[in-house]
Amino acid sequence: MALEPRSKERIYSDILAAGCQAGFVVVPEFSLRYQPVRGRKQTDVAWIADAEDRGVYRVVAAFEVEGFDVPLTTIDSHVRLYSRIQKTEGIEFPCYIPLYSRAIHRPNYGRSLDRVQRCLSKRSASAAKHRDVVQVCDGSVREWLVQATAKAKHLASALTQTAAQ
């Protein structure tokens, strides 16, 4: 069965494939610290760069795949948590929230494209209010994935240079 670009399953698949192609360690359900001791958050997918022989592993991108009608409070929660995670980890890695509007487990989901676009705009605007800690993306297009790959590669290169010093 071919999965259309706006499906949840295809978005996950594309994130995993892009991370592997870029040479990152791709980890679903990766645990990120937002407090030094106990606070942890599972991200849907993390791309990890490693400084090979140094044993240094760093998150260079994180992804939270959500439905187009995810509550705005969930977007705000992602913003707060990723802001805290970046402070705890000492690195500002990009976090993307691609929104899907089709899913195998939800056959009638996303039938109204006007509603999908309205919801996407609201969620994108909500995230943008917070200095772009997270970027809400239209899951039906892949420019955000190209951008995520470029940013993650740049961050991984900077981390490798810093580790070498």
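FYI, it's all coordinate maths here, none of it is from the lab. Being a predicted model, the structure only gives us computed values, none of them experimental. Ideal geometry is used to build each Cβ from the backbone, glycine not excepted, and the neighbour counts take in all protein chains shown.
Can you list which of the trypsin sites (Lys or Arg not before Pro) found in segment 49-120 are DSSP loop residues with at most 13 other C-beta atoms within 10 Å? Mind showing how you got there, number by number?
On the way: sites: R54, R58, R80, R84, K87, R102, R111, R115, R118; in loops: R111.
Within segment 49-120, the qualifying trypsin sites (Lys or Arg not before Pro) (loop, at most 13 other Cβ atoms within 10 Å) are R111.
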| Considering only the chain, percent of DSSP beta bridges that pair antiparallel, nearest 5 | 60
| request: Take the Cβ-Cβ distance between Q42 and A125 as r, set R0 to 22 Å, and report the resulting FRET efficiency rounded to the nearest 0.05. | output: 0.25
| query | Order of 91-97, 127-133 by packing, highest average Cβ count within 10 Å first? | reply | 91-97, 127-133
| Cα axis of helix 113-128 to longest principal axis of the chain: angle in degrees, 0 to 90, nearest 10? | 30
| Selected from T74, S140, S101, residue furthest toward positive end of dipole (segment 8-164; charges at beta carbon) | T74
| Tilt of helix 72-89 relative to the longest C-alpha principal axis of the chain, in degrees (0 to 90, nearest 10)? | 10
| field | With Cα atoms, 0 to 90° folded angle of helix 143-164 axis to the chain main axis | value | 10
